[in-house]
1. Amide H of A:Phe19: which non-local residues (sequence gap of 5 or more, or other chain) have their own amide H closer than 5 Å, using H built in the peptide plane?
2. What is the average number of partner chain Cβ atoms found within 10 Å of a Cβ in B:16-27?
3. A:Arg17: net charge of surrounding residues, Cβ under 9 Å, Lys/Arg +1, Asp/Glu -1, itself excluded?
4. Report, as an integer, the average count of C-beta atoms from other chains found within 10 Å of each Cβ along A:71-82.
5. Which of the peptides B:38-46, A:169-177 is most tightly packed, and how do the rest follow, judged by the mean count of other Cβ atoms within 10 Å per residue?
6. What length, rounded to one decimal in nm, is gained on full extension from A:Leu49 through to A:Phe134, with 0.36 nm per residue of separation minus their alpha-carbon distance?
Amino acid sequence: MSNIQKIHFPGQHHNERIFLVIRRHWLMFAKHVFWLLFMAALPILILLLINIFLTDFFVPDDFFTILIVCGVSTYYLFIWVFFFRDFLDFYLDVWILTDERIVSIEQLGLFHRVVSEVNLTKIQDVTSIVRGAFATFFNYGETHIQSAGSEKRFIFRQIPDPNGIARTILTLHDSARQSSDQYHETRPL
Amino acid sequence: MEIPAFIILIVYGVIVFLFCILAFFNIYHAIRFGIFDTAVKFVTLIFILVSLGIFFITGLFLAESHWRDAKFFIDIPTFSADTSKNVRN
């Protein structure tokens, strides 16, 4: 059994097979990592500059040492917790392709989660969009799915290989339609 | 007026409490909704370890400081009527 077959998600039907689990492209999280590194280095740089250029003018006593230590600690705690929140916001956005449907799980911040699904047989149109130089080099973009359900348009944002995902969806859609047609043809009256 | 250093520690304690609330909410989301693989569990563990590391390093620095004795003095100017300079003709 492949690794993907070992995955189970809440609400998964019995005998429902997962084909793909899609997350946003890693580059979307890379900017948060660079931002964290920059913010983490900032107090160190400031303290180094103070130590080099302002030693004669600024000699911290115990009170100011405590103030600086608590201030820097607070700073690092909060940039760290917000970085963790950004990671969860990135990682908990998931699109799952099964042999029956497409499930979209989007984490839009703390305590705001949107789960929607569309049956594969109801898909009418699939479009992939790659826009910009970065997106072209790193092969990421959007896949738009037009369906006949109440959720008219699914959008997979910032996903890797959107064209390949679109082709996979269409292949799964064709298989689902064939299975559905065979079922209706052979169903006893 | 003197401000003792433990006032800063009280404020810092409140800030740490707020951090713990935020951290709890994030960890709750990670455990409840991070269901697919061990990556979320690993990152959550890293988050907890680094947070504890920050607390530990802060505690080391604070332990070296004389926070019980440290005070900050503010000179507040007072105005008083100096009657000795009044000149009466």
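Every number here is computed from the coordinates shown, using simple stated rules; none is lab data. As the structure is a computational prediction, the values presented were derived from the model and not from experiment. Note that we place each Cβ from the backbone using ideal geometry, even for glycine, and neighbour counts take in every protein chain shown.
1. Residues meeting the amide H criterion: A:Leu97, A:Thr98, A:Asp99.
2. Averaged over the peptide's residues, the number is 4.
3. My count for the surroundings of A:Arg17 gives -3.
4. For this peptide, the per-residue mean of nearby foreign Cβ atoms is 6.
5. A:169-177, B:38-46
6. 27.0 nm
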